[in-house]
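All remarks here apply to the structure that follows.
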Amino acid sequence: MKAVPAARLKPNKWLERTLIVLALVGSLAVLGLYQDLYDRYQSHANPKQAVYGVWYERDAAPFARDSFELTPDKVVIDNRVVATDFELTRDELSFYVGPTLYRYHILNEAKTELRQLSPTHYNPVFVLSGKHKNNLL
């Protein structure tokens, strides 16, 4: 067998670097596509339309009851627009009012009850008005 000179075995550094950069760019593109696919699945499995409406605090006196309204383009508290978007996952609803994050845990599959998780000073349960037959507020 004939020996190959060491100079011919030395890889081209530019070729290696180009292949590494292409592999990284390809990986990032695949991750971006999977993220888009996941977002599409979430919007199909958890449509925001399911939580649109007025949410009232349950088991509170009418004069002290908190409420908020979710619409396609805003979140309204006390007749003021406090946010223009909200996030909805399978079991959590969240939105920002200024720097404060409001998080709610969805208590049932029909998405008619929420428990406030933050701010943590108080954890009331909210019910969606009009979505269920017995509106006992």
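Bear in mind these aren't lab numbers, they're just calculated from the coordinates by the rules spelled out. Values in this document were obtained by computation on a predicted structure and should not be read as measured data. Here Cβ is always computed from backbone atoms with ideal geometry, including for glycine, and neighbour counts include all displayed protein chains.
If you check residue 120 against the conditions, is it without any contact (Cβ under 8 Å) to a residue 24 or more places away in the chain and either more than 22 Å from residue 38 (Cα to Cα) or of a type in the set (S, T, N, Q) (or both)?
Details: without any contact (Cβ under 8 Å) to a residue 24 or more places away in the chain: yes; either more than 22 Å from residue 38 (Cα to Cα) or of a type in the set (S, T, N, Q) (or both): yes.
For residue 120, the condition - without any contact (Cβ under 8 Å) to a residue 24 or more places away in the chain and either more than 22 Å from residue 38 (Cα to Cα) or of a type in the set (S, T, N, Q) (or both) - is met.
Kindly indicate whether any position in segment 31-41 is free of Cβ contacts under 8 Å to residues at least 24 places away in the same chain and either among the β-branched types (Val, Ile, Thr) or in a loop (DSSP other than H, G, I, E, B) (or both).
Looking for residues that are free of Cβ contacts under 8 Å to residues at least 24 places away in the same chain and either among the β-branched types (Val, Ile, Thr) or in a loop (DSSP other than H, G, I, E, B) (or both), one finds none in segment 31-41, hence no.
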Q.
Need pairs with beta-carbon distance below 9 Å; first residue free of Cβ contacts under 8 Å to residues at least 40 places away in the same chain and at positive phi and within segment 79-102, second β-branched (Val, Ile, Thr) and surrounded by 15 or more Cβ atoms within 10 Å (Cβ to Cβ); sequence gap 6+ or separate chains.
A. 98/82
